[in-house]
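Novice: Before anything else, here's the structure in question.
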Amino acid sequence: MNRMLAVLPDAPEELRDRGALYAEMGAFRAALEDLQAYLRRRPDAPDAGDVRARVVEVAAACARLN
């Protein structure tokens, strides 16, 4: 996914997918950054509601780490 973003840095769906993968791996801060970047680029995306819900979950996981 990092390579895809190197080739297509403006591909918001790649950010979303990498953010979801980061979250599954427990890299919550990186996941939060990617998911929020996706929403900034595609605020009206069909899956924006789902991604916003995931952002809330990931943000809570980040808070638990502190």
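The values are calculated or read from the model by the stated rules, or taken from the named source; none is laboratory data. From a predicted model like this one, the values you see are computed outputs, not experimental measurements. No Cβ is skipped: glycine too gets one built from the backbone with ideal geometry, and neighbour counts run over all protein chains shown. We work out accessible area using only protein heavy atoms, side chains counted, and drop any ligands, DNA or RNA first. Shrake-Rupley method; radii C 1.70, N 1.55, O 1.52, S 1.80 Å.
Novice: So how far apart, in nm, are the two label points at Glu33 and Asp50 if each is 7 Å from Cα heading toward Cβ?
Specialist: Rounded to a tenth, the inter-label distance reads 2.5 nm.
Novice: Another question about this same structure. What percentage of the solvent-accessible surface of the chain, computed with a 1.4 Å probe over protein heavy atoms, is contributed by carbon and sulfur atoms?
Specialist: Answer for the chain: carbon and sulfur cover 54 percent of the accessible area.
Novice: Right, here's the next one. For Ala61 paired with Arg41, estimate the spin-label separation in nm (one decimal), with each label point 7 Å from Cα along the Cα-to-Cβ line.
Specialist: Taking the two extended label points, one gets 2.1 nm.
Novice: Next question, about the same structure. Please work out how much length the chain gains when fully extended from Glu24 to Leu8, using 0.36 nm per residue of separation minus the C-alpha to C-alpha distance, in nm with one decimal.
Specialist: That pair, Glu24 and Leu8, stretches by 3.5 nm at full extension.
Novice: Then there is this: Dividing the alpha-carbon radius of gyration of the chain by 2.2 N^0.38 Å (N being the number of residues), what value is obtained?
Specialist: 1.05
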